[in-house]
Amino acid sequence: MFLLNKTQKLLPLLVLLGIALPDRVRADGRILWEFGAGLSFQNTASPFYNTTQPNLDMGTAMVSSVLFQLTRPYSRLRIFFGPSIRYGTGSDATNYFGMTNAHLMLRFALPGLYLGAGYAPWVYRRDSTAQGLTGFQKVAGVSAYMAEAGIEVIVNPEASLGIAASIQAVNNGGLQSPKYAIDGTAYVRIYFMATRDTGSDSEDFSGGWRYPFGLEKKKY
């Protein structure tokens, strides 16, 4: 809860940090794509959703992100920046609800662990008596903040698996509703256009890692 409250103040600074990174430490053309799925829980559902049930029943969570690496490909601290589309559902006794948005996200990753924060200026809502993936409508005057933490297990230099937890707070006309949308997902991650850097912070992957667990054999 503390992390989400601080995210709103820190996010503009983090974005400027990513933009201001000097060219010599920027990406060598590396792009990350990930897809995750799991469970979603949303509380303080009203007034965002048309329901009298304060907390929605457990639903489905999905996330798809395309992030650009701002640091060298195999540096120990990796910084990513880009859009992350998030989808979460819930239900009460009669209706099925859904929320989706696209966060502009900044992520800091160490070997095996990462933290991130994001901001979505637009939020879309679904309210129906039937389950489905259609029927979302933009909600005027609503934005969302999120924070995430995850564990990454490297399969090879171009792919990894992991688990992640994220929490969103939706600003709904000065109120927080849903106050917290909490997602737990398992994901697959693929790196595109990865280049072999000859600099001091690169890693020669031939004989440099033990697979499938991605354990280092040599220093970075």
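Here, each number is a calculation from the coordinates, and none is a lab measurement. Since we're looking at a predicted model, the values are computed, not measured. So basically every Cβ, Gly included, is an ideal-geometry build from the backbone, and we count neighbours across all protein chains shown.
Things to note:
- Translational diffusion of the stretch 65-128 was estimated from the Stokes-Einstein equation, with Rh taken as the Kirkwood radius over Cα pairs; at 25 °C and 0.890 mPa s the coefficient is 181 µm²/s.
- Computed from label points 7 Å out along Cα-Cβ, the spacing between residue 46 and residue 94 is 1.2 nm.
- Put the Cα centre of the stretch 149-173 next to the Cα centre of the stretch 68-100 and the gap is 7 Å.
- Gained length - residue 58 relative to residue 163, 0.36 nm times residue gap less alpha-carbon distance: 36.0 nm
- Three principal axis extents describe the C-alpha atoms of the stretch 83-163; from largest down they are 44, 26, 20 Å.
- Coil-residue trypsin sites (Lys or Arg not before Pro) of the stretch 71-170, DSSP, other Cβ within 10 Å capped at 16: 76
- Per the Cα gyration tensor, the stretch 141-180 maps to an equivalent ellipsoid with semi-axes of 33, 9, 5 Å, ordered largest to smallest.
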